[in-house]
1. Would you mind working out the magnitude of the charge dipole of chain A relative to its Cα centre, with +1 at each Lys and Arg C-beta and -1 at each Asp and Glu C-beta, to the nearest 20 Debye?
2. Based on the Kirkwood radius over alpha-carbon pairs, what value in µm²/s does the Stokes-Einstein equation return for the translational diffusion coefficient of segment A:41-107 at 10 °C and 1.306 mPa s?
3. Once every DSSP H run of n ≥ 4 in chain A is given -39500 (n - 2.57) and the sum is divided by its residues, what mean residue ellipticity at 222 nm do you get, rounded to the nearest 500 deg cm²/dmol?
4. Please work out whether chain A counts as rounded, prolate or oblate from its C-alpha gyration tensor, where a ≥ b ≥ c are the square roots of the eigenvalues and a/c under 1.5 means rounded, while otherwise a/b larger than b/c means prolate and anything else oblate?
5. Per q in 0.15 Å⁻¹, report the Debye log10 I(q)/I(0) for segment A:134-180, using one uniform scatterer on each alpha carbon and no solvent.
6. Using the Cα centre of chain B as origin and beta-carbon charges of +1 (Lys, Arg) and -1 (Asp, Glu), tell me which of B:ALA18, B:VAL112, B:MET40 is placed farthest towards the positive end of the dipole.
7. Using the count of nearby Cβ atoms within 10 Å as a rough guide to exposure, how do A:ILE78, B:ILE82 rank from fewest to most?
8. Compute the orientation-averaged projected area for segment B:19-113 from the convex hull of its Cα atoms and round it to one decimal in nm².
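A short reminder: the numbers here are calculations on the coordinates, not readings from a lab. Note that this is a predicted model, so its numbers are computed, not measured. Here Cβ is always computed from backbone atoms with ideal geometry, including for glycine, and neighbour counts include all displayed protein chains.
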Amino acid sequence: MRLLLLFGALLWTAGCTFPSVPSDAMLARAENTFNAEVFSKGGKAVAVIEAENDIPSRYDLHAVLTFRNERTGETFDISVRNGRETVMLSPGDYTLEGFRIVGRERGAYTSIDFGKRYDASFSLEAGEVVYLGKVKTHAVLGEIVSRFFDDYTRELRSASAVTDELKNMSPNYARLIEFHTGKKPSAKLMKWKPSPIFKNKEPSE
Amino acid sequence: MKKLPLLLFVVLAAASCASVGTSAVSEPEEMRATLERERMTKAGVLLRYGEPNAVFNKDGKEIFEYKYVSVYNNPASYPFLIGLFFKANRYRTNYLYVAFDRDGSFVSADAVGVSGAYPPENVF
């Protein structure tokens, strides 16, 4: 009984800092976090990606893009929490595996999973510092699906596209990248298009 | 008394680690010292450590990049209450770069190791 109590107490206190089981996603994040010393050795590239959305929500939603390295087959997430994320990657070709818009607040969790709705790809060369573009996701109102007098429910769709917003990047952020990498980011937008199987379902704007 | 080892086992089982890369690079300085001492050729390095994680050219030299990335539980976060002051996980990313000249002779070996509380801090 005492043992059970001790174990319960251990779990309770650990509740705040209970170690999460290390996963492949955590390894990828550790590896992809920029390190100036590793970058200076020459075998890596730096990629900047931005994302924004106007999906109506009670709390902030941010994009999580899952890419696959075509050479190694490994997948990793780029979580664009503050509208912009800079990662250090190995040179090679990358393709989009998944696209989600997620939000979390006080234990509540929202996720919009776009799955393979979009095809996207980019390639990197060693020593490059590139800007991959801004993934803009807009809510698009669809058809009214049900109506009860003046009260109706309307379908909500969304459309995502990649735009070049490098010119609008904060000069301080651009300088920060240049300070740590020795190079200014250059625009090399990823190729982004609706997946053929979902193309017919895209809303007309 | 017999239950104590069981409890210890449960606690130790919770201490997990995930890693990827060449295990020899878990001690990058040791590997670098070995390479510096033995000055192995490209073929020798391949034989002992296997295929590198990446190969690239820099300043006319061929560079083999070996990496070892690990994320593990921080034992400091286990103790009752005291553990609340520590991050639950730690990470380590080690790289070892071996440079060869055109005929595959050893030129230099360089180790880079980064570790800290997970998630790593991003300078950006």
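1. Rounded to the nearest 20 debye, it is 200 debye.
2. The estimated diffusion coefficient comes to 120 µm²/s.
3. -6000 deg cm²/dmol
4. Since a/c reaches 1.5 but b/c is at least a/b, the shape of chain A is classed as oblate.
5. After summing over all Cα pairs, the log10 values are -0.60.
6. Going by the charge dipole, the pick is B:ALA18.
7. Placing the least packed residue first, the sequence is B:ILE82, A:ILE78.
8. With every direction weighted equally, the projected area is 6.8 nm².
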